[in-house]
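Chemist: Please find one structure pasted underneath; my questions will follow.
The values are calculated or read from the model by the stated rules, or taken from the named source; none is laboratory data. This is a predicted model, so every value here is computed, not measured. Counting neighbours? That spans all protein chains shown, and the Cβs are built from the backbone with ideal geometry, glycine included.
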Amino acid sequence: MSGFFASALKGDCVFDLYFGTDYHSHLGTRRAGMAVWGEDGFNRAIHNIESSPFRTKFESDLREMKGYMGLGIISDYEPQPLIVRSHHGTYAIATVGKINNLDALADKIVRSSSSHFMEMSSGTINATELVAALINRRDNLIDGIRYAQQEIDGSMTILLLTPAGIYCARDRLGRTPLIIGRKEEGFCCSFESFAFLNLGYHEYKQLGPGEIDIVTPDGVTVLCPPGDKMRICTFLWVYYGYPSSQYEGVSVEEMRYRCGREMARRDGITRENVDIAAGVPDSGTAHAIGYANESGVPFSRPFIKYTPTWPRSFMPTIQKQRDLIARMKLIPVHELISGRRILLIDDSIVRGTQLRETTAFLYESGAREVHVRPACPPIMFGCKYINFSRSNSDMELIARQVISEEEGGKVDRTVLDDYCCPDSDRYHRMLERMRERLGFTSLAFNRLDDLIRAVGIGEDKLCTYCWTGRE
């Protein structure tokens with residue numbers, strides 16, 4: 001995942017750019033960068049943020065960089081923004097999305113022109129460099145952006161910083177958000193709607209799917225109108241989105257309360273069944289409050305996330321180390337755990353390793369029972385669009401592992417559809433296998449129809465691929 005912020009002001013924009021980008025630290029863990037344009041032309045800085053937060057790495061750049069317009073990005077993957085010189089002139093580019101056909105597109109470009117690509121240390125091509133190469137195959141930037149988005153299998157939101165302004169292009173199906181803020185000195189563009197509030201901006205507009213605007217200190221001009229089809233990622237509300245954000249007018253925090261409420265109504269658990277309802281910090285907390293308010297089960301915090309020296313930006317890529325770090329962040333409150341029957345809500349179960357560790361942690365701390373209620377359905381398919389999971393194969397997902405064991409090997413699409421149906425016998429057998437493997441007292445997932453009801457904007461506008469495998 002990645003998050004971006006851009007600003008175009010009548011005065012220097014670097015202060016806003018620095019803090020606006022920092023407010024996206026929850027969306028990326030590996031690299032960050034800023035690029036600005038001003039009287040001295042382009043200036044750029046990129047740093048690794050795996051072992052220290054964005055603000056620490058970019059403090060010196062805040063003092064040294066100057067410019068009227070700029071963009072910043074925090075990323076899980078490739079270094080960006082890039083500065084590109086082409087027949088369009090010089091521009092800086094940052095992207096958010098996923099390219100499933102990256103190698104095929106790169107081969108096509110190399111075969112049809114004299115272009116080449118620099119490999120990163122991982123041996124892969126920088127996806128943002130590929131997007132720039134696609135844009136440069138057309139006569140102007142607008143056609144180039146549209147061409148790149150049409151050629152890409154996946155999703156791609158693009159920011160281009162030019163001397164004429166900042167081109168903002170939301171993914172053609174709007175899988176990720178792009179919001180413009182306004183204040184007297186100018187405008188900003190942001191992934192997260194809350195990121196500009198404390199900087200004095202108010203919301204000016206949200207770009208529609210496929211919309212392209214150009215932003216300058218003096219105004220916003222629509223260059224390509226929005227399309228009428230949207231598939232915004234539902235998982236943004238469930239997990240990735242910051243609580244104070246909103247997408248398509250739907251508050252992340254309010255949606256999570258409603259999500260917990262829907263689960264409680266479906267579950268029917270009361271104070272006779274469990275002693276407390278708790279959420280796995282941080283994204284599970286609001287879901288748990290909604291559940292507690294609806295069910296009457298007292299909300300409690302039996303463990304606390306220790307954040308001063310364990311920010312989310314430090315997360316190793318090796319799964320075993322990730323599990324250890326996740327456990328080290330949680331500090332138990334033994335007085336709230338010992339002898340208790342705990343209903344525990346997490347945002348999701350992907351591989352299951354961290355929640356298994358968390359459950360064992362609760363038992364070791366004296367819990368009598370641990371009833372687990374993930375806030376979304378079982379994840380059956382790796383994300384094709386926004387890289388929300390590091391899974392390289394569907395078989396890394398615990399739901400798919402259990403299905404394979406249950407069916408004795410590879411299964412066809414019809415069988416998978418049956419496992420996706422919460423009313424089927426196969427679905428309930430899958431849940432029981434998962435419960436046994438992960439050590440829960442009981443396990444019940446949120447249903448997709450209840451999840452969609454909690455979002456409240458219509459199933460036809462939401463991407464639910466990770467749960468259904470349907471585009």
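Chemist: Is it fair to say Ser424 is among the polar types (S, T, N, Q), surrounded by fewer than 17 Cβ atoms within 10 Å (Cβ to Cβ) and within 29 Å of Arg341 (Cα to Cα)?
Modeler: Yes, satisfied.
Chemist: Quick check: anything in segment 112-123 among the acidic types (Asp, Glu), over 26 Å from Ser190 (Cβ atoms) and at pLDDT below 95?
Modeler: Yes - at least one qualifying residue is present in segment 112-123.
Chemist: To continue, here is another question. In the list Gly290, Gly296, Gly268, which residue meets the criterion of being of a type in the set (Gly, Ala, Ser), more than 27 Å from His334 (Cα to Cα) and without any contact (Cβ under 8 Å) to a residue 40 or more places away in the chain?
Modeler: Gly268
Chemist: Now for a separate question. Taking the stated definitions as given, is Leu223 over 19 Å from Leu82 (Cβ atoms), modelled with pLDDT of 95 or more and touching a Ser or Thr at 6+ places or on another chain (Cβ under 8 Å)?
Modeler: When the stated conditions are applied, Leu223 does not pass them.
Chemist: If you don't mind, there's one more thing I want to ask. Quick one: would you say Ser60 is in contact (Cβ under 8 Å) with a residue 40 or more places away in the chain and among the small types (Gly, Ala, Ser)?
Modeler: When the stated conditions are applied, Ser60 does not pass them.
Chemist: Within the bounds of segment 202-223, is there any residue that is in contact (Cβ under 8 Å) with a residue 40 or more places away in the chain, within 19 Å of Gly97 (Cβ to Cβ), within 24 Å of the chain's Cα centre (by Cα) and surrounded by fewer than 20 Cβ atoms within 10 Å (Cβ to Cβ)?
Modeler: Checking segment 202-223: at least one residue is in contact (Cβ under 8 Å) with a residue 40 or more places away in the chain, within 19 Å of Gly97 (Cβ to Cβ), within 24 Å of the chain's Cα centre (by Cα) and surrounded by fewer than 20 Cβ atoms within 10 Å (Cβ to Cβ).
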